[in-house]
Amino acid sequence: MIRKTKIVATIGPASDSPEILARLIEAGVNVFRLGTAHDTVERVLDRVKTIKEVIAKQDTAVGILVDLAGPKVRAAFGEGPVELVMGAEVLIRSGEQLSSGTEIFVNVDDIARNLVVGDQLHMGDGSATLEVTEVSAEVATAVVKRSGTMRGRPGVHVPSSRLTQSSPTPEDIKYFDAVYEAGVDMVAVSFVKTGRDMRALGGEKAPQGPLLIAKIETQAAVDNLDSILEHSDAVMVARGDLGLECSLPGLPALQKKIISAAVAAGKPVITATQMLESMTEMAQPTRAEVTDVANAVYDGTSAVMLSGETAVGHDPVLVVETMADILDQADMNFEHEAWSERIERSTPSFGPEETDVRKVAFAMRTAAHRAASALKSQNIVTITGTGATSRAISRFRPRARILAVTPDQRVANQLALSWGVLPTIGMAEGHGTERIMSVLKSLRDQGLLQPGELVPIVSGASNSALVSNVIRMENVPED
């Protein structure tokens, strides 16, 4: 069985050497993620170059995702540990000075004016919690409600409704322009609140430009999910800040809601944060982590993301191998038919203003999924120029593997994020039957299809077709 749920691995000091990157691909990484919060533009571009060189030597499509930091509130501590003691009174000010256990400086102008008495401030993804007790023009006073140890530049979670900063920030746009020119496959936008935020980045739409991934981590993003999905190519359930903003007990239900909405809209969705957190230091995950990963698969997620586990963990390759094993088992127990039925029930009917092109595309993709189910096919073949057909079939979560044949390497890399899709580079030569048979023979020669196997194929009538408008059931040629 080929694993269908994809793995996104964050690259950092523990994993950025060419040797480790190659081993991570072999272990099962589908997409490499690079953060921008702690690295310069030059450092990010150097890593992109190194990753591209490694991928070029592999016989598989692997995507590169750059994660823009967004308007993240941070405090600066030194390299040594600073203890925030339960019950201690702490002053909160704007500034870039080093913080202490009694005075915290954050990188937001007029921070005190943005707070109100009773606000809960979570430090370092919830490692410590402060409650605001008094506010003046220049300083806010808070009491430590949960003690914790701080070092470096931990995030300070302030309720998103309190902040006027918008996403993407000017710094994000600088990073975006640089990585856009470098040809990365995907870009994630942090602290999105509305669909308008996703329109603020320039450049061409995917596949000429990168897939734009909206990180859902604020209450505003949850409230505006439909608008964000409309203006995004994919979404990420960013459970770190989302769990702080919307409460931990409500997080599982939010995860299910976001995943379901994204898949119904035909958009890939990544589930992120603390998936195998204990493996940053340990050789095995906890039972709770294994269950959490499996439940994300059963929720319908397209991919799961590893963060510190692969960026700074003691054995990034072991983490990916472990994640791949968990996903293999979860994929085997996925309820394909129930999910497909749910997606078909949730599909809205077309209005009178809908174009014929979109109607034809929808009909072709739905028919391919139904044909594969009726024939009990092991594979569905899509011949695609943009990846749209493959992603649309993926939303049904079919038992069959989706073999996406595309002449465009970037399209293949972007499809590496999509559930159940195995992208492969290839040209569909000729027209009609000749075109389809050339692809089937190529996939047979690569060992991806078996001679005589009966498969559904979805394609355009020619390479210049504007939409996939042909579906055929064909046996793979014997010779």
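The values are calculated or read from the model by the stated rules, or taken from the named source; none is laboratory data. Please read all numbers here as calculations on a predicted model, not as lab measurements. Counting neighbours? That spans all protein chains shown, and the Cβs are built from the backbone with ideal geometry, glycine included.
Answer yes or no: is there a residue in the stretch 80-90 that is under 22 Å from Ser160 (Cβ atoms) and part of a loop (DSSP other than H, G, I, E, B).
Applying the first criterion (under 22 Å from Ser160 (Cβ atoms)) to the stretch 80-90 yields 90.
Narrowing the set further to residues that are part of a loop (DSSP other than H, G, I, E, B) leaves none.
So far as the stretch 80-90 goes, no, none of its residues is under 22 Å from Ser160 (Cβ atoms) and part of a loop (DSSP other than H, G, I, E, B).
Quick one: in the stretch 284-315, which of the residues that are hydroxyl-bearing (Ser, Thr, Tyr) and surrounded by fewer than 18 Cβ atoms within 10 Å (Cβ to Cβ) is farthest from Met332 (Cα to Cα)? Walk me through it before giving the result.
Filtering the stretch 284-315 down to residues hydroxyl-bearing (Ser, Thr, Tyr) leaves 286, 291, 298, 301-302, 307, 310.
Still in the list and also surrounded by fewer than 18 Cβ atoms within 10 Å (Cβ to Cβ): 286, 291, 298.
On the way: Thr286: 21, Thr291: 14, Tyr298: 10 Å.
Applying the filter and picking the extreme gives Thr286.
Would you please name the residue that is surrounded by the fewest Cβ atoms within 10 Å (Cβ to Cβ), looking only at residues in the stretch 123-153 that are of a type in the set (D, E, K, R), in a loop (DSSP other than H, G, I, E, B) and within 34 Å of the chain's Cα centre (by Cα)? Steps first, answer last, please.
Of the stretch 123-153, the ones of a type in the set (D, E, K, R) are 125, 131, 134, 138, 145-146, 151, 153.
In the following step, the residues that additionally are in a loop (DSSP other than H, G, I, E, B) were identified as 125, 138, 151, 153.
Right, trim to within 34 Å of the chain's Cα centre (by Cα) and you get 125, 151, 153.
Numbers: Asp125: 16, Arg151: 12, Arg153: 16.
Going through the qualifying residues, I end up with Arg151.
Name the residue that is surrounded by the most Cβ atoms within 10 Å (Cβ to Cβ), counting only residues in the stretch 1-15 that are in contact with a helix residue (DSSP H, G or I) (Cβ under 6 Å, 6 or more places away or on another chain) and more than 22 Å from Ala238 (Cβ to Cβ).
In this case the residue turns out to be Lys4.
Scan the stretch 279-287 and give yes if some residue there is at pLDDT below 95, hydroxyl-bearing (Ser, Thr, Tyr) and either touching a Ser or Thr at 6+ places or on another chain (Cβ under 8 Å) or over 30 Å from His314 (Cα atoms) (or both), otherwise no.
So far as the stretch 279-287 goes, no, none of its residues is at pLDDT below 95, hydroxyl-bearing (Ser, Thr, Tyr) and either touching a Ser or Thr at 6+ places or on another chain (Cβ under 8 Å) or over 30 Å from His314 (Cα atoms) (or both).
Across the stretch 310-337, what is the total count of residues that are over 16 Å from the mean Cα position of the chain (by Cα), part of a helix (DSSP H, G or I) and not hydrophobic (A, V, I, L, M, F, W, C)?
Within the stretch 310-337, residues that are over 16 Å from the mean Cα position of the chain (by Cα), part of a helix (DSSP H, G or I) and not hydrophobic (A, V, I, L, M, F, W, C) number 9.
For Ala27, work out the one condition from (1) in contact (Cβ under 8 Å) with a residue 40 or more places away in the chain; (2) under 30 Å from Leu403 (Cα atoms); (3) under 18 Å from the mean Cα position of the chain (by Cα) it doesn't fulfil.
Result: Ala27 fails condition (3) only.
Among the residues of the stretch 134-149, is there at least one that is acidic (Asp, Glu) and under 30 Å from Ser260 (Cβ atoms)? Give the steps one after another, and end with the answer.
Initial filter on the stretch 134-149 (acidic (Asp, Glu)): 134, 138.
If we keep only those that are under 30 Å from Ser260 (Cβ atoms) too, we end up with none.
The answer is no; no qualifying residue exists.
If a residue must be at positive phi and within 31 Å of the chain's Cα centre (by Cα), how many such residues does the stretch 427-462 contain? Let's see the steps before the verdict.
The first filter runs over the stretch 427-462 and keeps only residues at positive phi, leaving 430, 432, 447, 452.
Among the residues that remain, those that are also within 31 Å of the chain's Cα centre (by Cα) are: 447.
Final tally of qualifying residues: 1.
Would you confirm whether any residue within the stretch 164-172 is over 24 Å from the mean Cα position of the chain (by Cα) and touching a residue at least 12 places away in the same chain (Cβ under 8 Å)? Talk me through it step by step, then tell me what you get.
Let us first name the residues in the stretch 164-172 that are over 24 Å from the mean Cα position of the chain (by Cα), namely 164.
From what is left, the residues that are touching a residue at least 12 places away in the same chain (Cβ under 8 Å) are 164.
Yes.
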